[in-house]
Protein chains: 2
Amino acid sequence: MAQLRTRTAARRSAAVDVSPIEEEAPAPSDVKAPRASAPMNADAPAGDDRDRASPDYEIIELFFFAYRDFVSDPDRMLNSYGFGRAHHRILHFVGRQSGLTIAELLDILRITKQSLNRVLKELIRDGFVEQRAGVTDRRQRLLYLTEKGEALSLAMSAVQQERIARALSKCDAGAREAVLDFLFAMIDPDDSAHVARLVWKEAGRRS
Amino acid sequence: MAQLRTRTAARRSAAVDVSPIEEEAPAPSDVKAPRASAPMNADAPAGDDRDRASPDYEIIELFFFAYRDFVSDPDRMLNSYGFGRAHHRILHFVGRQSGLTIAELLDILRITKQSLNRVLKELIRDGFVEQRAGVTDRRQRLLYLTEKGEALSLAMSAVQQERIARALSKCDAGAREAVLDFLFAMIDPDDSAHVARLVWKEAGRRS
DNA sequence: GAGATATGTCAATAAGGCTGACATAAAAAT
DNA sequence: ATTTTTATGTCAGCCTTATTGACATATCTC
């Protein structure tokens, strides 16, 4: 979207800043991230410049803080049910891909069946998730959310959505596309196809 | 940086692809995230439209997968030292803010001193971190990385940087700014000032 | 000096993961 | 019709990260 200027620019003349004085009590936080701090080799000479790339500390750190707060909302909600974030993930992906099998869920979460089972058992016991035997292959357990589970799952997505919407509202137009591109590209290449299939569905689940 | 055009249009076609159609089966993963899927109320009537916002599943899920892979690199590296991601965080922030106090570190990580101490003790024992008594206040313990610690910390930032650079190289120009804005805006407002100070330094550490 | 602060430490507990060893039912292969 | 493979479940023990609560020690501050 290339909007360097257009918008954004000005921010807290920041960092290096000029004005003397005590900048430290930052106006509770400016709307946008300071500018002009491309991690140096941003547009390096194209050459396979394999040497030293100054770490992009801004992204590294903001990613950490952003993700921490991002998961804190559902965390809080689950707490009242005696659940944790492991439960969140299950509720989320079962909700998103109704009828997926244990194996598929394991593949998405990349945890062991023992770990999954401990948590899944609680969700089933408490009536958030249901299992049904596979139709074509009766060994499989197809997972579904109950109404209760659906409600909780949606509630959690809702709070996360609020945070995302708030964040995007503070960004320039086109930011969402850029963020999607970036996040997708941050995924291990050998996994991106899998994730793409999951996020931008198209494959029919088994019956 | 090389971006197609301004936008990002021309999607998938690569890899398997050939014949037109079949839009759905994402060639083992295309470079960019599919388009045109703004979460509906993206640009709603401006009105305080408080009702229902369709969850932005794309961002929600990509954030999860991206972050998981993002921390997997350092995780692997730390493993060989018998360390975990808790050690990573300490090494990172001590490296970034040489001489910070225990209290400051606790404030950044938002964990208890007991949790911090368990891990910090190991890092000191193994010679990755050093403590010195504060100058003005000798009760304080100022933390510093040793050369060994600095090396490890940089190595971890380096792999993360590589992933980030790779990701940004697949995005349109301006993506980095958009991502920074977004990530920063995803942080709890009451914490963003703190984070801003930390990321875009300006406050002098104590001696 | 008295009290507040910065840090350290012991003990118990929880959540989420892991490995290894088995067990069962149902599908597949021979 | 067996045998083998798969998909799933489960028991047991262990690890890492974090928590809460109770104290202990310097060192500031008033």
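The values are calculated or read from the model by the stated rules, or taken from the named source; none is laboratory data. Keep in mind the model is a prediction, meaning the values are calculated, not measured. As a convention, Cβ positions derive from the backbone with ideal geometry for all residues, glycine included, and neighbour counts pool all protein chains shown. In case anyone asks, the SASA skips ligands and DNA or RNA and just uses the protein heavy atoms, side chains included. Shrake-Rupley method; radii C 1.70, N 1.55, O 1.52, S 1.80 Å.
Before moving on, here are some points about what is shown:
- A:His194 fulfils the conditions (1) in contact with a Leu (Cβ under 8 Å, 6 or more places away or on another chain); (2) within 22 Å of B:Phe65 (Cβ to Cβ); (3) more than 7 Å from chain B (Cβ to nearest Cβ) except for a single criterion, (1).
- Qualifying residue in region A:153-169 (condition: open to solvent by less than 50 Å² (accessible area, probe 1.4 Å) and within 14 Å of DNA strand C (Cβ to nearest atom)): yes
- Taken over region A:138-190, the criterion of being outside any helix (DSSP H, G or I), within 9 Å of chain B (Cβ to nearest Cβ) and hydrophobic (A, V, I, L, M, F, W, C) is satisfied by A:Cys171, A:Ala173, A:Ile187.
- Candidate set: region A:138-152, residues that are in contact (Cβ under 8 Å) with a residue 40 or more places away in the chain and open to solvent by 30 Å² or more (accessible area, probe 1.4 Å); chosen: the one farthest from DNA strand D (Cβ to nearest atom): A:Glu150
- Looking at A:Ile108, A:Ile102, just one residue is under 17 Å from the mean Cα position of the chain (by Cα) and surrounded by 15 or more Cβ atoms within 10 Å (Cβ to Cβ), and that residue is A:Ile108.
- Scanning region A:118-131 finds no residues that are of a type outside the set (Lys, Arg) and within 14 Å of chain B (Cβ to nearest Cβ).
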